[in-house]
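Every number here is computed from the coordinates shown, using simple stated rules; none is lab data. Please read these numbers as outputs of a predicted model, since none were measured by experiment. Note that we place each Cβ from the backbone using ideal geometry, even for glycine, and neighbour counts take in every protein chain shown.
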């Protein structure tokens, strides 16, 4: 039986709750794909288990999840150890401090927040030493907010070209965060900007590997799909409202995710 703290946050039957939430998310993804004339298989759902305890994540993995996203390396590394028997792959999607690079290389198969050449060089050195490679997405600041990480859209061509010497890094695409408090039109503009950057790179650097777009979270992933997202990063619509300051950004999406 779940402990008191787990029951308070996730209910008496977290597995059933996650199953229902996953079904609801799948319905929303399928509807957005249909509106866009896209196949459901063209969009990858990346469940984000940020702040969810390992024992609770285990229940969700039993429903068929094979890859999970995490923001913080320390939290992700602990879950990777706790759930090593399940064969889960881990995608780090949050800003990475250089002193955490070696720790991430030890367990992650994907990194979606590459935003500096210094970090790229450091990751490459650790990967070469570990005889590993890492799929990476370049983070682009499409909202032009000073509080956000990511390179400027105009710097993308130079940045991606400069990644060529780092042979242990496998560029796969671009990632962005839209305006968290923006309206639908402002959010859509962020996603369109990322798609335009990707399309430009396809023309100028067709062999760069930059092909996929990771954009859209719980509150805006349907818009992201309509604008061409290949990967959507969804946490709270699956696992419920987080007990963190970002929890208020997506109120009322599900009956059990409304803020107190």
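What to note about this one:
- In this rough spin-label picture, where each label sits 7 Å from Cα along the Cβ direction, the residue 211-residue 98 distance is 3.3 nm.
- Three-way shape label, segment 61-150, alpha-carbon gyration tensor, a/c 1.5: oblate
- Largest first, the extents of the alpha carbon coordinates of the chain on the three principal axes equal 53, 43, 34 Å.
- The angle separating the long axis of helix 117-130 from the principal Cα axis of greatest extent in the chain is about 80 degrees.
- Cβ-derived FRET efficiency at R0 35 Å, residue 154 paired with residue 86, nearest 0.05: 0.25
- In this simple spin-label approximation, residue 13 and residue 170 carry label points 7 Å from Cα along the Cα→Cβ vector, and these lie 4.0 nm apart.
- Nearest 10 degrees, 0 to 90: helix 184-204 Cα axis against the chain principal axis: 40
- With each label modelled as a point 7 angstrom along the Cα→C-beta vector, the residue 202-residue 186 pair spans 2.9 nm.
- Computed over segment 131-222, Cα set: Rg, Dmax in Å: 13.4, 45
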